[in-house]
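Working notes, beginning with the structure itself.
The values are calculated or read from the model by the stated rules, or taken from the named source; none is laboratory data. In this text the structure is predicted, and so the values were computed from the model without any measurement. Heads up, the Cβs are rebuilt from the backbone with ideal geometry, glycines too, and the neighbour counts pull from every protein chain shown. Accessible surface is based on the protein model in full, side chains and every heavy atom, while ligands, DNA and RNA are left aside. Shrake-Rupley method; radii C 1.70, N 1.55, O 1.52, S 1.80 Å.
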Amino acid sequence: MKRMRHPLLIGLLGTLLAVGGCNTRRADGPAAAAAPANPVQAEMRALHDATRDWVTAIADNDLARIPPGISRVHAARQVTEQALLKGEYRPPKASDDVAGFTRQDEAFHDELVKLLEAARASDLPRATRQLGVVLEGCTTCHQKYRF
Ligand code: HEC
(Lines give C-alpha, C1' and ligand atoms only; values in the text may rest on other atoms or scores of the structure.)
Protein backbone atom coordinates (compact mmCIF):
# COMPACT_ATOMS: atom_id res chain seq x y z
CA MET A 1 0.00 0.00 0.00
CA LYS A 2 2.73 2.44 0.99
CA ARG A 3 4.56 2.03 -2.32
CA MET A 4 1.40 3.05 -4.24
CA ARG A 5 1.41 6.53 -2.68
CA HIS A 6 4.74 7.61 -4.11
CA PRO A 7 3.68 8.03 -7.77
CA LEU A 8 0.67 10.03 -6.56
CA LEU A 9 2.85 12.36 -4.50
CA ILE A 10 5.31 12.77 -7.35
CA GLY A 11 2.43 13.59 -9.70
CA LEU A 12 1.12 16.20 -7.27
CA LEU A 13 4.57 17.73 -6.90
CA GLY A 14 4.91 17.87 -10.69
CA THR A 15 1.57 19.70 -10.95
CA LEU A 16 2.61 22.21 -8.29
CA LEU A 17 5.93 22.86 -10.04
CA ALA A 18 4.13 23.33 -13.37
CA VAL A 19 1.77 25.89 -11.80
CA GLY A 20 4.74 27.72 -10.24
CA GLY A 21 6.48 27.72 -13.63
CA CYS A 22 3.44 29.32 -15.29
CA ASN A 23 3.39 32.11 -12.72
CA THR A 24 7.06 32.88 -13.32
CA ARG A 25 6.51 33.11 -17.06
CA ARG A 26 3.49 35.35 -16.65
CA ALA A 27 5.50 37.90 -14.59
CA ASP A 28 7.79 38.69 -17.52
CA GLY A 29 5.36 38.05 -20.36
CA PRO A 30 4.86 40.18 -23.48
CA ALA A 31 3.09 43.06 -21.67
CA ALA A 32 6.06 43.63 -19.35
CA ALA A 33 8.54 43.44 -22.25
CA ALA A 34 6.80 46.07 -24.47
CA ALA A 35 8.60 49.39 -24.65
CA PRO A 36 6.92 52.31 -22.84
CA ALA A 37 4.71 54.29 -25.25
CA ASN A 38 5.33 57.70 -23.65
CA PRO A 39 7.46 59.43 -20.95
CA VAL A 40 4.81 58.96 -18.24
CA GLN A 41 4.77 55.20 -18.78
CA ALA A 42 8.57 55.16 -18.55
CA GLU A 43 8.46 57.24 -15.35
CA MET A 44 5.74 55.01 -13.90
CA ARG A 45 7.76 51.85 -14.53
CA ALA A 46 10.75 53.40 -12.75
CA LEU A 47 8.41 54.43 -9.93
CA HIS A 48 6.85 50.97 -9.67
CA ASP A 49 10.28 49.27 -9.49
CA ALA A 50 11.46 51.80 -6.90
CA THR A 51 8.31 51.36 -4.79
CA ARG A 52 8.97 47.61 -4.51
CA ASP A 53 12.54 48.36 -3.38
CA TRP A 54 11.23 50.86 -0.80
CA VAL A 55 8.91 48.27 0.76
CA THR A 56 11.86 45.87 1.08
CA ALA A 57 14.16 48.61 2.44
CA ILE A 58 11.58 49.40 5.13
CA ALA A 59 11.01 45.73 5.94
CA ASP A 60 14.79 45.32 6.42
CA ASN A 61 15.33 48.74 8.10
CA ASP A 62 17.94 49.42 5.44
CA LEU A 63 16.86 52.95 4.48
CA ALA A 64 20.03 53.65 2.47
CA ARG A 65 18.33 51.62 -0.30
CA ILE A 66 15.58 54.29 -0.67
CA PRO A 67 17.41 57.33 -2.21
CA PRO A 68 18.74 55.65 -5.43
CA GLY A 69 15.18 54.82 -6.60
CA ILE A 70 14.05 58.39 -5.88
CA SER A 71 16.93 59.72 -8.04
CA ARG A 72 15.92 57.42 -10.91
CA VAL A 73 12.28 58.53 -10.66
CA HIS A 74 13.27 62.20 -10.59
CA ALA A 75 15.42 61.75 -13.71
CA ALA A 76 12.50 60.08 -15.52
CA ARG A 77 10.19 62.83 -14.32
CA GLN A 78 12.30 65.53 -15.96
CA VAL A 79 11.52 63.91 -19.32
CA THR A 80 7.81 63.96 -18.39
CA GLU A 81 8.03 67.66 -17.44
CA GLN A 82 9.45 68.55 -20.85
CA ALA A 83 6.72 66.57 -22.61
CA LEU A 84 4.04 68.34 -20.52
CA LEU A 85 5.56 71.76 -21.24
CA LYS A 86 5.57 71.07 -24.97
CA GLY A 87 1.99 69.77 -24.83
CA GLU A 88 3.12 66.34 -26.04
CA TYR A 89 1.43 64.29 -23.32
CA ARG A 90 -2.17 63.90 -22.20
CA PRO A 91 -3.26 61.39 -19.55
CA PRO A 92 -5.66 58.62 -20.67
CA LYS A 93 -8.45 59.93 -18.40
CA ALA A 94 -9.46 63.62 -17.88
CA SER A 95 -7.20 64.28 -20.87
CA ASP A 96 -8.18 67.96 -21.05
CA ASP A 97 -6.98 68.64 -17.51
CA VAL A 98 -3.24 68.69 -18.22
CA ALA A 99 -2.77 71.58 -15.76
CA GLY A 100 -4.43 69.57 -12.97
CA PHE A 101 -2.35 66.51 -13.84
CA THR A 102 0.84 68.60 -13.72
CA ARG A 103 -0.10 69.98 -10.27
CA GLN A 104 -0.90 66.48 -8.98
CA ASP A 105 2.47 65.26 -10.29
CA GLU A 106 4.31 68.12 -8.56
CA ALA A 107 2.53 67.48 -5.26
CA PHE A 108 3.38 63.78 -5.51
CA HIS A 109 7.05 64.50 -6.04
CA ASP A 110 7.06 66.72 -2.94
CA GLU A 111 5.91 63.63 -1.02
CA LEU A 112 8.83 61.67 -2.50
CA VAL A 113 11.19 64.37 -1.22
CA LYS A 114 9.73 63.83 2.29
CA LEU A 115 10.39 60.10 1.92
CA LEU A 116 13.96 60.93 0.91
CA GLU A 117 14.39 63.13 3.99
CA ALA A 118 13.05 60.44 6.32
CA ALA A 119 15.41 57.88 4.74
CA ARG A 120 18.40 60.21 5.11
CA ALA A 121 17.48 60.79 8.76
CA SER A 122 17.39 56.97 9.24
CA ASP A 123 13.93 57.46 10.72
CA LEU A 124 12.16 54.13 10.16
CA PRO A 125 8.71 55.08 11.57
CA ARG A 126 8.66 58.34 9.58
CA ALA A 127 9.79 56.61 6.36
CA THR A 128 7.09 53.97 6.85
CA ARG A 129 4.33 56.57 7.34
CA GLN A 130 5.59 58.53 4.36
CA LEU A 131 5.63 55.46 2.12
CA GLY A 132 1.94 55.10 3.05
CA VAL A 133 1.33 58.70 1.90
CA VAL A 134 3.23 57.97 -1.33
CA LEU A 135 1.14 54.84 -2.01
CA GLU A 136 -2.08 56.81 -1.49
CA GLY A 137 -0.71 59.27 -4.05
CA CYS A 138 -0.54 56.47 -6.66
CA THR A 139 -4.24 55.69 -6.34
CA THR A 140 -5.41 59.30 -6.01
CA CYS A 141 -3.77 60.16 -9.31
CA HIS A 142 -4.65 56.86 -11.05
CA GLN A 143 -8.35 57.26 -10.21
CA LYS A 144 -8.38 60.78 -11.60
CA TYR A 145 -6.12 60.45 -14.65
CA ARG A 146 -5.59 56.77 -15.49
CA PHE A 147 -8.51 54.38 -14.77
C1 HEC B 1 0.51 62.37 -10.82
C2 HEC B 1 -0.19 61.20 -11.25
C3 HEC B 1 0.32 59.81 -10.95
C4 HEC B 1 0.90 59.35 -9.80
C5 HEC B 1 1.18 60.10 -8.53
C6 HEC B 1 1.20 57.95 -10.02
N7 HEC B 1 0.82 57.59 -11.28
FE8 HEC B 1 1.14 55.78 -12.13
N9 HEC B 1 0.25 56.43 -13.84
C10 HEC B 1 -0.29 57.68 -14.04
C11 HEC B 1 -0.85 57.78 -15.38
C12 HEC B 1 -1.52 59.00 -16.01
C13 HEC B 1 -0.63 56.53 -15.98
C14 HEC B 1 -1.02 56.11 -17.41
C15 HEC B 1 0.13 56.44 -18.35
C16 HEC B 1 -0.24 56.27 -19.81
O17 HEC B 1 -0.58 55.12 -20.20
O18 HEC B 1 -0.16 57.27 -20.55
C19 HEC B 1 0.06 55.70 -14.99
C20 HEC B 1 0.50 54.41 -15.21
C21 HEC B 1 1.16 53.62 -14.28
C22 HEC B 1 1.68 52.31 -14.56
C23 HEC B 1 1.61 51.56 -15.89
C24 HEC B 1 2.81 51.99 -16.74
C25 HEC B 1 2.84 51.31 -18.11
O26 HEC B 1 3.87 50.70 -18.42
O27 HEC B 1 1.84 51.43 -18.86
C28 HEC B 1 2.27 51.85 -13.41
C29 HEC B 1 2.96 50.52 -13.19
C30 HEC B 1 2.12 52.89 -12.41
N31 HEC B 1 1.45 53.96 -12.98
C32 HEC B 1 2.57 52.81 -11.12
C33 HEC B 1 2.47 53.82 -10.19
C34 HEC B 1 2.89 53.71 -8.81
C35 HEC B 1 3.46 52.45 -8.17
C36 HEC B 1 2.67 54.91 -8.24
C37 HEC B 1 2.92 55.35 -6.83
C38 HEC B 1 4.14 54.96 -6.17
C39 HEC B 1 2.10 55.80 -9.26
N40 HEC B 1 2.00 55.08 -10.42
C41 HEC B 1 1.77 57.13 -9.08
C42 HEC B 1 -0.29 58.72 -13.14
C43 HEC B 1 0.25 58.69 -11.87
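So if the hydrodynamic radius of segment 36-145 is defined as the Kirkwood radius over C-alpha pairs, what does Stokes-Einstein give as its diffusion coefficient at 10 °C and 1.306 mPa s, in µm² per second?
111 µm²/s
Per-residue Karplus couplings for segment 116-131, computed as 6.51 cos²θ - 1.76 cosθ + 1.60 with θ equal to phi - 60°, are listed in order as 4, 5, 5, 5, 5, 7, 6, 9, 4, x, 5, 4, 5, 4, 5, 5 Hz, Gly and Pro entered as x. Compared with the alpha-carbon gap, the fully stretched path from Glu88 to Thr56 is longer by 8.0 nm at 0.36 nm per residue. Solvent-accessible area of Ser122, all protein chains in place: 90 Å² (probe radius 1.4 Å, heavy atoms, ligands and nucleic acids excluded).
Applying both filters, DSSP loop and at most 10 other Cβ atoms within 10 Å, to the trypsin sites (Lys or Arg not before Pro) of segment 37-120 gives Lys86.
Length available on full extension from Arg126 to Arg65: 0.36 nm per residue minus the Cα-Cα distance, which gives 20.4 nm. Spin-label model, Val133/Thr102: points 7 Å from Cα along the beta carbon direction are separated by 2.4 nm.
Relative contact order of segment 36-145, please, whole-number percent, based on alpha carbon pairs below 8 angstrom and at least 6 residues apart.
Details: 88 pairs, mean separation 31.6, N = 110.
Reported relative contact order: 29 percent.
For Gln78, put the label point 7 Å out on the Cα→Cβ axis and report which residues of segment 34-56 keep their amide N under 17 Å from it. It comes to 39-40, 42-44, 46-47, nothing else.
Accessible area per residue for segment 36-145 is 57 Å², calculated with a 1.4 Å probe on protein heavy atoms, without ligands, DNA or RNA.
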